[in-house]
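Nothing in this text is a laboratory measurement; each read-out follows from the coordinates by a stated rule. Fair warning: this is a prediction, and the values are worked out from it, not measured in the lab. Every residue, glycine among them, receives a Cβ derived from its backbone with ideal geometry; neighbour counts consider all protein chains shown.
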Amino acid sequence: MINKRLLIKNLLSHNDENSFYDKKQKLSLGSKEGKAKFLKHICALSNSNPENNSYIVIGVEDEENKIIGDDFFDDSKIQNLINAYLKNPPKIEYENVPFPSLPRYKVVGLVTIYPNNKITSLLKNAWKYRRETVFYRRGSNSMPFLGNNFELRNTNKEIVDAIEKNARNNIELTLNGVFDFINNHKPEYNPQYKVFNEQFVLCWAGEKKIINDQEYFSRVDIELVNEQVRLFFSALDEVQISYNNQSFIITEFIFLGINKKEIHYPLEKTIINFKENGKHDIVTEFLFDPPKYDEIIIKHIYQNCNDIVLKIEQKKPLSVLEHEDVFRLPTNYLLCFLNGFLDAADQLRKAKDYIKNIEDKTTYIKYKEAMRVIRKVKYN
């Protein structure tokens, strides 16, 4: 098994950006430009590495290779984006890799592009890039191929194989990972580990609570220590956890409602299956059935949210009541989105900078959680 933290260190220390790996400060899939540039790099790295893995490391300052981290990214549907925009799309994987030097809510993102030995091109227009464009890597740049007959060339296989071999896990790294996880979590979060199939070590922690005779955990953190990959992290969500000898199961809930009449709604179930052949897979099942409310009430909430956002945009002072409503702005816009106001996400984004600069970060966490749920609902 490859220790992904060690792999990232090897990539950063061994080479600057080149034809088999790229690095970014953050992933920006919320805009057409950011999405198109990401697709360009995937296409270019795939075409330049027909027989070996290639990588994008996210959360690294470009100039000095300083690890600054990025937010946990749990979008398991990122492969759908690749499949929708690329011809001969490669299989890709996005993993969240924790580093001891980063806060617990920050990780380094690792995108692995697996070889498919086929020429990859744009299936349709993306931002300013035209359909059927073939990209490739020239040094650290992703370039459009201007000729007619692009040829796949294997130039990196030996060096990438060597880097991956040097990142293989061992007992010392696994034990250190378990101790780091336990020591970095408060006792009230009950950090613990479980071994699956005598090969995989999974650590998890969460704050336990009983609601209506049901056991839930909040502030949940789950890591697969062998690979130094964070499988789940949430600051606010509440989840139920179960496991058997072969599987670890996470059922995620969200708390929604109006006028303090909030209840838990199951959002998504994630099952991590550990196999006898030293491999594992992750299966997700979308469970969400959004609540429906009276149209007049939702219209009133939506208009009130829009009025607050307009004041924020115009830099007008908010009343005491409006300041209190800002705390509920992400959740209220989420309810509006789920009840047919599909531009609610765009409206909420207009208030992002204002919310991000509030001293109490709870509202900003709610903002990120609301956007994540909206993204999941859109994909499903």
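Given a cut-off of under 8 Å on Cα pairs at least six residues apart, what relative contact order in percent is computed for region 97-166?
Values: 48 pairs, mean separation 12.3, N = 70.
Taking the mean separation of contacting Cα pairs over the length of region 97-166, I get 18 percent.
Taking amide H positions as placed 1.01 Å from N in the peptide plane, with prolines and chain starts having none, which residues 5 or more places from L86, or on another chain, fall under 5 Å of its amide H?
L123
Mean separation of Cα pairs under 8 Å and 6+ residues apart, divided by the residue count of region 4-165: what relative contact order is that in percent? Present the calculation step by step, with values, prior to reporting the outcome.
Numbers: 328 pairs, mean separation 49.1, N = 162.
Dividing the mean separation by the residue count of region 4-165 yields 30 percent.
Work out Dmax and Rg for region 236-380 from the C-alpha atoms and quote the Rg first, both in angstrom.
Using the Cα atoms of region 236-380, the pair Rg, Dmax is 17.9, 61 Å.
Taking a 21 Å limit on the Cα-Cα distance, which of the listed pairs K292/K352; K4/K269; K260/K299 fall beyond it?
Working: K292/K352 26 Å; K4/K269 25 Å; K260/K299 18 Å.
In this structure, K292/K352; K4/K269 exceed 21 Å between Cα atoms.
Charges only on Cβ, +1 for Lys and Arg, -1 for Asp and Glu: so what's the dipole of the chain about the Cα centre, in debye to the nearest 20?
Working: 55 positive and 52 negative charges, 239 e Å.
That gives a dipole near 1140 debye.
Select from F145, N166, Q214 the residue farthest towards the positive end of the dipole of region 114-216; place +1 on Cβ of Lys and Arg, -1 on Cβ of Asp and Glu, and compute about the Cα centre.
Looking along the dipole axis, the top candidate is F145.
Once you place label points 7 Å from the Cα toward the Cβ at L287 and N183, how far apart are they in nm?
3.6
Counting only GluC sites (Glu not before Pro) that are in a DSSP loop and have at most 11 other C-beta atoms within 10 Å, tell me the longest site-free stretch of the chain. Walk me through the numbers on the way to the answer.
Working: sites that count: E63, E64, E132, E151, E198, E276, E359.
Of all site-free stretches, the longest is 277-358.
Sketch the reach of a paramagnetic label on N125 as a point 7 Å from Cα along Cα-to-Cβ, and name the residues of region 31-55 whose backbone nitrogen lies under 19 Å away.
What the label zone holds, given the 19 Å backbone N cut-off, is 31-40.
Kindly give the semi-axes, whole Å and largest first, of the ellipsoid equivalent to region 177-286, taking each as the square root of 5 times a Cα gyration tensor eigenvalue. Can you show the working numbers first?
Working: eigenvalues 137, 57, 23 Å².
Sorted largest first and rounded, they come to 26, 17, 11 Å.
How many lysine pairs does region 83-203 hold where the Cα atoms are under 26 Å apart and the two sit 8 or more places apart or on different chains?
The number of close lysine pairs in region 83-203 is 17.
List the aspartates and glutamates whose alpha-carbon lies under 13 Å from that of K40, not counting same-chain residues fewer than 8 positions away?
D22, E132
For the pairs K24/K77; K315/K356; K77/K368; K23/K366, flag any whose C-alpha to C-alpha distance is greater than 22 Å. Numbers along the way, then the final one.
Working: K24/K77 20 Å; K315/K356 15 Å; K77/K368 17 Å; K23/K366 29 Å.
Table pairs above 22 Å Cα-Cα are K23/K366.
Can you give me the Kirkwood hydrodynamic radius for region 4-165, using every pair of distinct Cα atoms, in Å to one decimal? Write down the numbers at each step before the final one.
Values: mean 1/r = 0.0629 Å⁻¹.
15.9 Å is the Kirkwood radius here.
Can you tell me how much longer the chain between L173 and E322 gets when fully stretched, taken as 0.36 nm per residue apart minus their C-alpha distance, in nm with one decimal?
Details: separation 149, 0.36 × 149 = 53.64 nm, distance 5.07 nm.
Residue separation times 0.36 nm, minus the Cα-Cα distance, leaves 48.6 nm.
Would you mind checking the tilt of helix 32-48 against the longest principal axis of the Cα atoms of the chain, expressed as 0 to 90 degrees and rounded to 10?
That helix lies at roughly 20 degrees to the long axis.
For E238, what residues show an amide H to amide H distance below 5 Å, using hydrogens built from the backbone and excluding near sequence neighbours?
Long-range HN contacts for E238: F253.
Between the DSSP loop rule and a limit of at most 11 other Cβ atoms within 10 Å, which trypsin sites (Lys or Arg not before Pro) in region 283-324 are left? Mind showing how you got there, number by number?
Numbers: sites: K292, K299, K311, K315; in loops: K292, K315.
Here the trypsin sites (Lys or Arg not before Pro) that fit, given the DSSP loop and packing criteria, are K292, K315.
Percent antiparallel among DSSP beta bridges with both residues in region 8-121, to the nearest 5? Walk me through the numbers before you get to the answer.
Values: 16 of 20 bridges.
Counting only bridges with both partners in region 8-121, antiparallel ones make up about 80 percent.
Please give the length that would be gained between D353 and R104 if that part of the chain were fully extended, namely 0.36 nm times their separation in residues minus their C-alpha to C-alpha distance (nm, one decimal). Please report the intermediate quantities before stating the final value.
Numbers: separation 249, 0.36 × 249 = 89.64 nm, distance 2.24 nm.
Extra length from D353 to R104 when fully extended: 87.4 nm.
Pairs of alpha-carbon atoms within less than 8 angstrom and 6+ residues apart define the contacts here; what relative contact order does the chain have, in percent? All intermediate terms of the calculation are to be shown ahead of the outcome.
Numbers: 693 pairs, mean separation 45.6, N = 380.
Worked out over the chain, it gives 12 percent.
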